[in-house]
Amino acid sequence: MTRVQTIFLPDDAATAELGRRLAAALRPGDLVLLAGDLGAGKTTLARAVVRALVGDEALEVPSPSFALVQPYEAGALSILHADLYRLASEREIDELGLFDRVDAIVLVEWPERAAGLRDRASIMVDIAIPKGGVGRSVSIETRDGRQI
C-alpha cells in the first residue's frame, strides 16, 4: 500500500525534526530517494537522517557532491549517502557500490540522474521551495504504507 504525505517545513529546525522522524522509520535495506531543485534542502535532510541514525547530532556530515558516496556506520548498521548530480550515465550507479550490502540504508540525492532507482526505492522524498522562498514543501511517498 503506497502512502503519500505532504508536510510544510518552515525552517531548518523543522527539517532536522523530519530527518529524525524519517530515521526512526528506516529499516536495513531501505533506499531513500531525495529529489528537489538545487538548494531545496536535500543535503540538510540527509544530514539530519544520518546524525539521528548514528546518534550524534554533532557528527560532520559533508555533502557527497564530490566523493559521490559518503559511508557511515552506526553499530552494525551501514549507511550510504550518495549524490548523483555529477553522474554522466545511469550505468555508473553500479560502480558506486550502493547495493553491495543489501542491509545498508542508502540515501540518494539527485535520483533523477538514475531513473531506474525509483523502482527499487522504499521511500521517495520530494522537496520543493514554495513561491516566495520561505520554508519547504515536502512530499513523502512510502511503498509499504509507513507513516513518517
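The values are calculated or read from the model by the stated rules, or taken from the named source; none is laboratory data. Remember, it's a predicted structure, so these values are computed and weren't measured experimentally. So basically every Cβ, Gly included, is an ideal-geometry build from the backbone, and we count neighbours across all protein chains shown.
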Original post:
So how many residues does the range 127-148 have that are β-branched (Val, Ile, Thr), closer than 24 Å to Val108 by Cβ and modelled with pLDDT under 90?
Top reply: 0
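Pick out the one residue from Val61, Val134, Val125 that is under 17 Å from the mean Cα position of the chain (by Cα), among the hydrophobic types (A, V, I, L, M, F, W, C), assigned to a loop (DSSP other than H, G, I, E, B) and under 19 Å from Leu9 (Cβ atoms).
On the way: Val134 fails: under 17 Å from the mean Cα position of the chain (by Cα); Val125 fails: assigned to a loop (DSSP other than H, G, I, E, B).
Exactly one residue qualifies, and that residue is Val61.
Could you please let me know if Arg51 is modelled with pLDDT under 90, basic (Lys, Arg) and part of a helix (DSSP H, G or I)? Show your work before the answer.
Numbers: modelled with pLDDT under 90: no; basic (Lys, Arg): yes; part of a helix (DSSP H, G or I): yes.
Criteria not met by Arg51.
Which residues, taken from the range 113-148, are surrounded by 13 or more Cβ atoms within 10 Å (Cβ to Cβ) and among the charged types (D, E, K, R)?
Filtering the range 113-148 down to residues surrounded by 13 or more Cβ atoms within 10 Å (Cβ to Cβ) leaves 113-114, 117-118, 120-129, 135-143, 146, 148.
Passing the criteria: Arg113, Arg118, Arg120, Asp126, Arg136, Glu141, Arg143, Arg146.
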Subject >> Looking only at the range 74-86, and only at residues there that are assigned to a strand (DSSP E or B) and of a type outside the set (A, V, I, L, M), the one that is surrounded by the fewest Cβ atoms within 10 Å (Cβ to Cβ) >> reply: Ser78
**OP:** From (1) more than 16 Å from Ala104 (Cα to Cα); (2) surrounded by 13 or more Cβ atoms within 10 Å (Cβ to Cβ); (3) at pLDDT 90 or above, pick out the condition that doesn't hold for Ser63.
**Re:** (3)
Subject >> Residues that are in contact with a helix residue (DSSP H, G or I) (Cβ under 7 Å, 6 or more places away or on another chain) and at positive phi, drawn from the range 34-58 >> reply: Gly36, Gly41
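Filtering the range 35-46 down to residues that are assigned to a helix (DSSP H, G or I) and surrounded by fewer than 22 Cβ atoms within 10 Å (Cβ to Cβ), which residue is farthest from the chain's Cα centre (by Cα)? Steps first, please.
Of the range 35-46, the ones assigned to a helix (DSSP H, G or I) are 42-46.
Then drop every residue that is not surrounded by fewer than 22 Cβ atoms within 10 Å (Cβ to Cβ), which leaves 43-44.
Details: Thr43: 8, Thr44: 10 Å.
Top of the filtered list is Thr44.
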Subject >> Cross-chain or 6+ apart pairs with Cβ under 8 Å, the range 87-108 first and part of a helix (DSSP H, G or I), then of a type in the set (D, E, K, R) >> reply: Glu90/Arg113
Original post:
Of all residues in the range 64-93, how many are β-branched (Val, Ile, Thr) and over 23 Å from Thr15 (Cβ atoms)?
Top reply: 1
